[in-house]
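> A single structure is presented below for examination.
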Amino acid sequence: MTELLLGPLLRHVDATSATIWVETDGPCEVRIGDVLDPTDMTIYRQLAGGVTTAQLLHGSANPIGGQSQIVKLRWGVDAAGLKFAAAPGTIKFALGENVKQSNWGDNYTKRYPQTRMGVEQIDLDSFLAAQAYGEKIKAKGGEPVRRDLRLEALWEVLQGQRLVQIHSYRQDEILAFARLAQRFHIVPTFQHILEGYKVAKEIAAHGSGASTFADSWAYKIEAYDAIPYNTALMTRAGVVVSVNSDSDERARRLNIEAAKAMHWGDLTEEQALKLITINPAIQLGIQDKVGSIEVGKDADLAIWNGHPFSVYSRVDTTMIDGDIFFDRQQDLAQRADLAKERAALEQADPNKPSSQGQSPQAPRRRPRAHEDDDTWEGERP
């Protein structure tokens, strides 16, 4: 029997995005929306996994990072067409080892901050500076003020117009930022948050969201106390929880990532389903548009050929705004033509082997496997 399911909402971190390494308070004037690649095959593959909406963030090298971008995976449109116009702005913050350069090696010990306390101080100083910037604008009463894009983004955070997504792991830093957020009336979503189960009641009381891994742990020191029951324990404490991908591989299988919460913690089917539908929509401020099947919401749907939590099920059709962007039967029918086109391209002069018999050099790519912003150990600038 074919079942109907709202397409999961993806949280994906692109670890290859450039970051600024000299600034202490982060490149929050940088925008992921300026570097969208609508030809990235990952978009199509995620549609084939029933994913309809994604929040794109960069890596976690700075206490305050760039402006994130929420997109709808409309394969075949241009970069502007990917953007979820009705979604509020978001911004990436980060805590812990990535920011204080614990795992960068001996050549990276001079940039401030080098401690978790330093990270907290940067956040505080930056919010105070943004607060002063905003007050100056209001005091001018409409008169021109020298524009500061960095402080402008943080002023939007303080006004509740831009949502904070913060990379975090340990309970102490989670509580530290929660206290700071409470001071400035900010309600963030904690990303990763692998020790969230230790402070779940405090997170729920603050109203913060939690977007975590289904069962990834112990891949670095900060993750040693992580447990697979994290999702269930935070859910039972009243936290709005979602499961994230942090990888183009897991992003295609968010249905299975959510299903794991039924094994690790005995969540119900409905609770597990919310981890990839309405809960992330709430965290991204788009619950009035997507996240559930209701009259008046966008027709973002994935049709499965079986129970979506079964490893044997697959997506037959994925729709966004009522338009079909993935159809399995159409995909299968096109494969023969695509194979012919590929063969023809391989015979084109630029793609032929050189006179020495060597094939053209393939572009350098990141090693596959666990591709996220925490374990990528490629070259630093």
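> Given the pairs 220/289; 83/352; 72/260; 198/289, which span a C-alpha to C-alpha distance of over 27 angstrom in this model?
Details: 220/289 37 Å; 83/352 38 Å; 72/260 25 Å; 198/289 33 Å.
Distance filter (> 27 Å) returns 220/289; 83/352; 198/289.
> With charges set only on the Cβ (+1 for Lys and Arg, -1 for Asp and Glu), what does the dipole of the chain come to about its Cα centre, in debye to the nearest 20? Please list the in-between numbers first.
Details: 43 positive and 52 negative charges, 71 e Å.
In debye, rounded to 20, the chain gives about 340.
> Calculate, for residue 311 and residue 40, the FRET efficiency according to 1/(1 + (r/R0)^6) with r their C-beta to C-beta distance and R0 22 Å; round to the nearest 0.05.
Values: r = 26 Å, r/R0 = 1.17.
Result of the calculation: an efficiency of 0.30.
> Please give every one of the lysines within straight-line cross-link reach of residue 110, meaning a C-alpha to C-alpha distance under 18 Å, and leave out same-chain neighbours fewer than 8 residues apart.
Filter leaves 100.
> Non-local amide H neighbours of residue 89 (under 5 Å, H modeled in plane, Pro and chain starts lacking H): which ones?
163
> By DSSP, what percent of the beta bridges with both residues in the chain are antiparallel, rounded to the nearest 5? Intermediate results must be reported in sequence, preceding the final value.
Working: 20 of 44 bridges.
Taking every DSSP beta bridge within the chain, about 45 percent pair in antiparallel fashion.
> Residues with amide H under 5 Å of residue 247's amide H, sequence separation 5 or more or different chain, H placed in the peptide plane at 1.01 Å from N; which?
13
> Of the candidates 147, 111, 170, which one comes out as most mobile in a Gaussian network treatment of the chain with C-alpha springs shorter than 10 Å?
In this elastic network of the chain, the residue with the biggest mean-square fluctuation among 147, 111, 170 is 147.
> Whole-Hz ³J(HN,Hα) for each residue in the range 336-352, computed from phi via Karplus 6.51 cos²θ - 1.76 cosθ + 1.60 with θ = phi - 60°, x for glycine and proline: what do you get?
5, 5, 5, 5, 5, 5, 5, 4, 5, 5, 5, 8, 5, 3, x, 9, 6
> Further question on the same structure: When the chain is modelled as a GNM with alpha-carbon springs shorter than 10 Å, which of 77, 295, 51 fluctuates the most?
295
> Nearest 10 degrees, 0 to 90: what angle lies between the long axis of helix 149-158 and the longest principal axis of the chain (Cα atoms)?
Approximately 80 degrees, to the nearest 10.
> A follow-up question, please. Using the alpha-carbon centroid of each, what span in Å lies between the range 242-302 and the range 73-110?
Spelled out, the Cα-based centre of one part sits 21 Å from the other.
> Any chance you could get the radius of gyration and Dmax over the Cα atoms of the range 25-69, in Å?
Looking at the range 25-69, its Cα Rg and Dmax stand at 12.7, 39 Å.
> Can you give the FRET efficiency for residue 140 and residue 112, using 1/(1 + (r/R0)^6), R0 = 41 Å, r = Cβ-Cβ distance, to the nearest 0.05?
0.80
> Another one. Over the chain, calculate the relative contact order: mean separation of alpha carbon pairs under 8 Å at least 6 apart, over the residue count, as a percent. Don't jump to the answer; show the numbers that get you there.
On the way: 745 pairs, mean separation 73.2, N = 381.
Over the chain, the number comes to 19 percent.
> Now, a different point. Indicate the gyration tensor shape class of the range 19-156 (rounded, prolate or oblate), computed on the Cα atoms with a ≥ b ≥ c the square roots of the eigenvalues: a/c under 1.5 is rounded; otherwise a/b larger than b/c is prolate and the rest oblate. Show your work: numbers first, answer last.
Working: a/c = 2.72, a/b = 1.25, b/c = 2.18.
Note, shape of the range 19-156 comes out oblate.
> Which one of 302, 82, 320 is farthest out on the positive end of the charge dipole of the chain, using unit charges on Cβ (Lys, Arg +1; Asp, Glu -1) and the Cα centre as origin?
Sorting the options by dipole projection puts first 82.
> Quick one: what are the phi-derived ³J(HN,Hα) couplings along the range 131-146, Karplus 6.51/-1.76/1.60 with θ = phi - 60°, whole Hz, x for glycine and proline?
In residue order, the calculated couplings are 4, 5, 5, x, 5, 5, 4, 5, 5, 6, x, x, 5, x, 10, 4 Hz.
> For residue 201, list the lysines whose Cα falls under 20 Å from its own Cα; do not include residues on the same chain fewer than 8 positions away.
274
> Where does helix 171-183 land angle-wise versus the long Cα axis of the chain, in degrees 0 to 90, nearest 10?
Helix 171-183 sits at roughly 70 degrees to that axis.
> Report, in deg cm²/dmol and to the nearest 500, the calculated mean residue ellipticity at 222 nm for the chain, where each DSSP H run with n ≥ 4 adds -39500 (n - 2.57) and the sum is divided by the residue count.
On the way: 12 runs with 119 residues, N = 381.
Mean residue ellipticity at 222 nm (helix-derived): -9000 deg cm²/dmol.
> Give the calculated FRET efficiency between residue 225 and residue 294 to the nearest 0.05, with a Förster radius of 56 Å applied to their Cβ-Cβ distance. Display every interim value, and only then the final one.
Numbers: r = 39 Å, r/R0 = 0.69.
The pair residue 225/residue 294 has a calculated efficiency of 0.90.
> May I pose another question? Sticking with the crude label model, points 7 Å out along Cα→Cβ, report the distance from residue 348 to residue 263 in nm, one decimal please.
4.4 nm
> A follow-up question, please. Restricting everything to alpha-carbon atoms, can you work out Rg to Rh for the chain with a Kirkwood hydrodynamic radius? Walk me through the numbers before you get to the answer.
Numbers: Rg = 21.8 Å, Rh = 22.0 Å.
Radius of gyration over Kirkwood radius for the chain works out to 0.99.
> Here is a further query. Search the structure for amide H atoms under 5 Å from the amide H of residue 326, placed 1.01 Å from N in the peptide plane, and list their residues when 5 or more places away or on another chain.
318
> Would you work out which of 199, 217, 158 lies farthest towards the positive end of the dipole of the range 153-222? Charges go on Cβ: Lys and Arg +1, Asp and Glu -1.
Positive-end residue among those listed: 158.
> In addition: From the phi of every residue in the range 188-205, what ³J(HN,Hα) in whole Hz does the Karplus formula 6.51 cos²θ - 1.76 cosθ + 1.60 yield, where θ is phi - 60° and glycine or proline is x?
In residue order, the calculated couplings are x, 10, 7, 8, 6, 6, 6, 9, x, 4, 6, 10, 4, 5, 5, 5, 5, 5 Hz.
Read-outs throughout are calculated quantities, based only on the coordinates presented, and are distinct from any laboratory measurement. These numbers come from a predicted model, not from an experiment. Please note: Cβ atoms are built from the backbone with ideal geometry, for glycine as well, and neighbour counts cover all protein chains shown.
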